[in-house]
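Reviewing the structure listed below.
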Amino acid sequence: MPKRLALLAALAAVGDAAADTAQRPTVGFYRWQEDWSALADPQVPRELGDELKYIPLSGDDPKRYLSLGLTLRERYESNDAPSFGVNGTKSRSYLLHRLELHADAHLTDATRIFIQVENALAPGLKQPGPADANKLDLRLAFLDTSGEIGDGLWKFRIGRQEMAFDLQRFVSVRDGPNVRQAYDAIWGAYEIAEWRFTGFVSQPVQYRNESPFDDTSDRHLHYDGLRAQRKLFGNDELALTYSMFREDDAHFPSASGDERRRNWDLHYTGSAHGFDWDLEGMRQYGNIGSKTIRAWALGSLAGYTFSQTRWTPRVGLQIDAASGDRNPADNRLGTFNPLFPNGYYVTLSGYTGYTNFIHVKPSLTLFPAPKLKILTALGMLWRQTTRDAIYMQPDRPLPGSVGEPGKRSATYVQFRADWTLTRSFALALEADHYDVAESIRHIGGHDSNYLGVEMRWGW
C-alpha cells in the first residue's frame, strides 16, 4: 500500500515543479465545474496527460473542446461498531474504493454535455448497503446551457446531476459515504446584480448493486424546490428555500405511509473582522399516512480566526438541534427528516443522524503548513425527546432506543487532518471516539471508535 501511494503521489506531482499560473485550473470537488480551455493558450505550462485534458473541437473557437478526466478515492475504515454494537453488530474493517471517469464536451461557449461513470466497491464489507458499493453505473449525465436576459444571466441544466446547498446539512452530494448522491432533475437559475433565483424538480437517484447500470429514479421519491439568494454587506448572504419532499411508503418508529413534507429553510452566512458564521433553520409541515407533520431543525457554526498568530488557529462552536416525536400515540409526527444530509457535518463515522438530537461541539482548527489543516473537537449529544429514538446517519433509528430514559446519548472526541500535497493529490485522516450514555448501554450498546484513512487523486 505505501508503494502504491508513493507512485500515485509521484504521478500527481508531475509538472508541479513548473511555475504555477492562475490560468491553469485545479482539480475540484465538483469535476463538472472545471474549465480547461486555459490549455488553448500555449504559454500555459504543460503537464502529463494534457493532450486528453484539452481536445479542440474547433480550430476557431478555443471554448469548443472535449476534456477527459478521472477521480480515484481509496479509504480504509475501521468501525467499532456500527450502531454502537446494538443487536450484536460487530467491529469491522474494510476498504472503500471509488473510481469515477468523465467526459466533458463543450459544444459551444455556453452549452456542454457532461457524462461520468462510477465504480464503487467495498472489499471486506460483508453486506454493503446502497451507499457503500455500486459496481458500475452512470453517475452523472446532463446537458447545461446559459445565456443573457437583460442585465442578468440564466442557466439551465437537465439530466442526472448533483445538487448541494450551503453547508450541505440537508441537501448534499453525500461525499462522506462511498456512493455520492445524484438527482435526475431539471434545474434552472437566474442571476442579476446581488440576486440569484433557482428552481428545480427532481427524482433523487436510488442506488442498487445487483448488476451494472441498474440505478434508477421514479415517481415514488421526489424532491422539488424554489430558492432565492441575496448578497448582503459584501461577503454575507441570505437564502430562503421552499421545497417539497415526497416519498411513498416511508417508515418512522411512530408513523408510516406516503410521506409529504413542505420545507421552509432560512440560511444566513457571513464573516467580518476575523469572525465567521453560518446559521440555518428549517420548518417542516405535511403528512404521513393519517398523521400530520410538524418538525423543525436548527444549525449554527461560528468561529474566530487568529490570522496574525502562528498556525492561524480558529476557535469554533457548533450548535445544532432537530425535533423528535414527543407523543407517538397522537396524530402528529414531530420527527425531523434531514432529507439528503452530508455525512461529514457531525463526524465521518456515521454514528449520529440529524434527527431528534441536540448537538454542541467546540473545536480548534490549526494550519501548521499552508496545505495542512488539523481539527480537534469535543462533541456532546442529547435527544430532543426521550419518547423518540436515537438516530444514526442519515435517519436510521437505533433499535430499542424509543422511550429509553435518559436524554444524553453520547460524548465524542474527533481528530481530523487534511493534507493537500499537490493540485491533484490529497490525504486525510479522521479518528473519532464515542463515549455512550446509559441510554445506549441499556439496550446493548458500547463505546465505539472510528478510524478513516483516505487518499484522493484527480486527473
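Of the residues examined, R416 is not one that is out of contact with any strand residue (DSSP E or B) (no Cβ under 9 Å at 6 or more places or on another chain) and among the basic types (K, R). When D214 is tested against (1) surrounded by fewer than 17 Cβ atoms within 10 Å (Cβ to Cβ); (2) under 15 Å from N337 (Cβ atoms); (3) not polar (S, T, N, Q), just one condition goes unmet, and that condition is (2). Applying the condition of being under 23 Å from T355 (Cα atoms) and of a type in the set (A, V, I, L, M) to region 224-257 and asking which residue is surrounded by the most Cβ atoms within 10 Å (Cβ to Cβ) yields A255. The lone criterion from (1) surrounded by fewer than 16 Cβ atoms within 10 Å (Cβ to Cβ); (2) in a loop (DSSP other than H, G, I, E, B) left unmet by D325 is number (1). The residue of region 147-198 that is surrounded by the most Cβ atoms within 10 Å (Cβ to Cβ), among those that are among the charged types (D, E, K, R) and farther than 24 Å from R230 by Cβ, is R180.
Every residue, every condition in (1) assigned to a loop (DSSP other than H, G, I, E, B); (2) buried (at least 20 other Cβ atoms within 10 Å of the Cβ); (3) among the acidic types (D, E), yes or no:
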| site | (1), (2), (3) |
| --- | --- |
| K361 | no, no, no |
| F367 | no, no, no |
| L381 | no, yes, no |
| A389 | yes, yes, no |
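The residue of region 328-357 that is surrounded by the fewest Cβ atoms within 10 Å (Cβ to Cβ), among those that are aliphatic (A, V, I, L, M) and under 21 Å from W264 (Cα atoms), is L339. Looking only at region 429-450, count how many residues are in contact (Cβ under 8 Å) with a residue 40 or more places away in the chain and either among the β-branched types (V, I, T) or more than 28 Å from G324 (Cβ to Cβ) (or both). Here the count works out to 3.
If a residue has to be assigned to a loop (DSSP other than H, G, I, E, B), more than 19 Å from the chain's Cα centre (by Cα) and of a type in the set (S, T, Y) to count, how many in region 184-216 make the cut? So the count comes out to 1.
Evaluate the following for R396: is it under 20 Å from S172 (Cβ atoms), basic (K, R) and surrounded by fewer than 19 Cβ atoms within 10 Å (Cβ to Cβ)? Yes.
Name every residue in region 245-274 that is of a type in the set (A, V, I, L, M, F, W, C), within 24 Å of D388 (Cβ to Cβ) and within 24 Å of the chain's Cα centre (by Cα), in order of residue number. Across region 245-274, the qualifying residues are F245, A250, F252, W264. The sole residue among T376, T352 that is over 24 Å from L427 (Cβ atoms) and either touching a Phe, Trp or Tyr at 6+ places or on another chain (Cβ under 6 Å) or part of a loop (DSSP other than H, G, I, E, B) (or both) is T352.
Among the residues of region 137-162, the one identified as of a type in the set (A, V, I, L, M) and either touching a helix residue (DSSP H, G or I) at 6+ places or on another chain (Cβ under 9 Å) or outside any strand (DSSP E or B) (or both) is L140. Selection of region 67-92 for residues being over 19 Å from L427 (Cα atoms), surrounded by fewer than 17 Cβ atoms within 10 Å (Cβ to Cβ) and among the polar types (S, T, N, Q) yields N87, S91. From the list Y434, Y391, Y351, the lone residue that is modelled with pLDDT under 95, aromatic (F, W, Y) and closer than 30 Å to A250 by Cβ is Y351. Please indicate, with yes or no, whether at least one residue in region 164-185 is farther than 30 Å from D320 by Cα and in contact (Cβ under 8 Å) with a residue 40 or more places away in the chain. The answer is no; no qualifying residue exists.
Residue count for region 273-318 under the criterion of being without any contact (Cβ under 8 Å) to a residue 40 or more places away in the chain, touching a Phe, Trp or Tyr at 6+ places or on another chain (Cβ under 7 Å) and either surrounded by fewer than 14 Cβ atoms within 10 Å (Cβ to Cβ) or under 25 Å from F340 (Cβ atoms) (or both): the result is 5. Only one entry in F200, F233, F213 is within 23 Å of S300 (Cα to Cα) and touching a residue at least 24 places away in the same chain (Cβ under 8 Å), namely F233. Being part of a strand (DSSP E or B) and under 30 Å from V27 (Cβ atoms), is that true of even one residue in region 435-450? Yes, because at least one residue in region 435-450 is part of a strand (DSSP E or B) and under 30 Å from V27 (Cβ atoms).
Of P130, P123, P56, P62, all but one fail to be out of contact with any His (no Cβ under 6 Å at 6 or more places or on another chain) and surrounded by 16 or more Cβ atoms within 10 Å (Cβ to Cβ); the exception is P62.
The values are calculated or read from the model by the stated rules, or taken from the named source; none is laboratory data. Just so we're clear, the structure is a prediction, and the values are computed from it rather than from any experiment. So basically every Cβ, Gly included, is an ideal-geometry build from the backbone, and we count neighbours across all protein chains shown.
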